[in-house]
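What follows is one structure encoded as structure tokens, with my remarks underneath.
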Amino acid sequence: SRTGQGNVQTACAGFVLEHLRDPRGRLLRTWRDGVPGRPAFCDDHALLASACLTLFASTGELRWFREAARIAEDLAELFFDAERGGFFQTGADDDPLVIRPKELYDNAVPSGNSAAADALQRIALLTGDADMERMGVSAIRLVQSALGRAPTGFGHALCALDLYLGPSREVAIVGDLADPATRALTDEVLGTRFLPNAVVAVAAPADPDAAEAVALLRDRPQIDGLPTAYVCQRFACRLPVTEPARLSEQLADAGR
């Protein structure tokens, strides 16, 4: 079931966030039989941040957004190349190398730069943080001349570029997730269509913590006490809706 699958996903994420960190909170790459491994790389941070954003969208639990935001801050602090843009594969606190590499090509797993470009843009769409977007887009610029020549080597980078060029859809849903009507709205975004350029934020009505952390949720009241969805682009929102069919119409129209 979807609920059971969600429970497995949250358990896995919780395990990683609890066990794959050193005493300072630094994310680690591996763990085996209680023995922690080496410091995590750029792609580890970016992909885990993306996973936490997905859990936030599907569960409405603010803890997952906060984890994603914390990991994104570590990604920026430890890996961002402020001089040339993009992200180094190893952290600034890692063992010093003669040359710090930058992973650019997407293989079976997205490169650190592609994953960072996607994750940081999604954080920016939820928060309005222009610095996060700037850092993410700088990773795309590293490979812009190669995207057309060898697109099969930059699949995830092209997805990140598509997210930047838009149109994006930012969807704020306000309602109790225990209410089937709220779940019907979230399912309209997450369960019935492919929306690669969408970000979703879900919160209970009048949740001050969620509104403080996620700018997309600010000033989003319910309509007539019903679970309510707002479809936005760059924080400019359409009229709120309470019915899945109306939400479906807005989502379809937003992509034109």
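At 1.4 Å probe size, with no ligands or nucleic acids counted, give the accessible surface of L239 in Å², nearest ten.
About 130 Å², ignoring ligands and nucleic acids.
For the stretch 61-171, what is Rg from Cα atoms divided by 2.2 N^0.38 Å, rounded to two decimals?
Details: Rg = 13.9 Å, N = 111, 2.2 N^0.38 = 13.2 Å.
Output field value: 1.06.
Which residue, A119, A92, A150, has the most motion in a Gaussian network model of the chain that connects Cα atoms within less than 10 Å?
A150
Give me the distance in nm between label points sitting 7 Å out from Cα along the Cα-to-Cβ direction at A82 and D209, one decimal.
Inter-label distance under the simple model: 3.3 nm.
Hey, what did the stretch 85-131 get for relative contact order, percent, Cα under 8 Å, at least 6 apart?
Numbers: 32 pairs, mean separation 13.8, N = 47.
Taking the mean separation of contacting Cα pairs over the length of the stretch 85-131, I get 29 percent.
Which residue fluctuates the most in the chain, going by a Gaussian network model with Cα springs under 10 Å, if the choices are E103, E83, E18?
E83
Any idea what the relative contact order of the chain is, in percent, if you count C-alpha pairs under 8 Å spaced at least 6 apart?
Numbers: 416 pairs, mean separation 38.1, N = 256.
Answer for the chain is 15 percent.
Using a/c under 1.5 as the rounded threshold, could you call the stretch 111-256 rounded, prolate or oblate? The axes a ≥ b ≥ c are square roots of the C-alpha gyration tensor eigenvalues, and prolate needs a/b larger than b/c, oblate otherwise. All intermediate terms of the calculation are to be shown ahead of the outcome.
Values: a/c = 2.63, a/b = 1.86, b/c = 1.41.
Prolate, because a/c is 1.5 or more and a/b exceeds b/c.
Quick check: the distance between the Cα centres of the stretch 19-51 and the stretch 97-172, to the nearest angstrom?
The stretch 19-51 and the stretch 97-172 have Cα centres spaced 21 Å from each other.
Quick one: putting +1 on the C-beta of Lys and Arg, -1 on the C-beta of Asp and Glu, what dipole do you get for the chain around its Cα centre, in Debye to the nearest 20? Working shown, then result.
Values: 26 positive and 35 negative charges, 105 e Å.
Dipole magnitude for the chain comes out near 500 debye.
How far is helix 2-19 tilted off the main Cα axis of the chain, in degrees rounded to 10, range 0 to 90?
Rounded to the nearest ten degrees, it is 40.
On C-alpha positions alone, give me the angle between the axis of helix 112-127 and the longest principal axis of the chain, in degrees, nearest 10.
The two axes meet at around 30 degrees.
Run lengths n ≥ 4 of DSSP H only: what is the helix-derived mean residue ellipticity at 222 nm for the chain, with -39500 (n - 2.57) per run over all residues, to the nearest 500? Don't skip to the end; give the middle numbers.
Working: 10 runs with 125 residues, N = 256.
Calculated from helices alone, the mean residue ellipticity at 222 nm is -15500 deg cm²/dmol.
So for the stretch 126-256, averaging the separation of alpha carbon pairs under 8 Å that are six or more residues apart and normalising by length, what relative contact order in percent results? Walk me through the numbers on the way to the answer.
Numbers: 176 pairs, mean separation 37.5, N = 131.
Relative contact order here is 29 percent.
Rounded, prolate or oblate, given the Cα gyration tensor of the stretch 18-60, with a/c below 1.5 counting as rounded? Could the numbers behind the result be given before it?
Working: a/c = 2.46, a/b = 1.86, b/c = 1.32.
Prolate.
In square angstrom, rounded to the nearest 10, how much accessible surface does R38 have for a 1.4 Å probe?
About 90 Å², rounded to the nearest 10.
Which of L120, A57, V98 sits closest to the plus end of the dipole of the stretch 55-130, meaning its Cα is farthest towards the positive end, when Lys and Arg get +1 and Asp and Glu get -1 on the C-beta?
A57
Is any residue of the stretch 232-250 close enough, with backbone N under 15 Å, to a label point placed 7 angstrom from the Cα of Q222 along the Cα-Cβ axis, and if so, which?
241-243
If pairing requires two Cys Cβ atoms under 4.7 Å apart, which cysteines of the chain are left without a partner?
Lone cysteines by the Cβ rule: C12, C42, C52, C159.
The values are calculated or read from the model by the stated rules, or taken from the named source; none is laboratory data. Quick caveat, the model's predicted, so the values are computed rather than measured. Virtual Cβ from ideal backbone geometry, glycine too; neighbours counted across all protein chains shown. We work out accessible area using only protein heavy atoms, side chains counted, and drop any ligands, DNA or RNA first. Shrake-Rupley method; radii C 1.70, N 1.55, O 1.52, S 1.80 Å.
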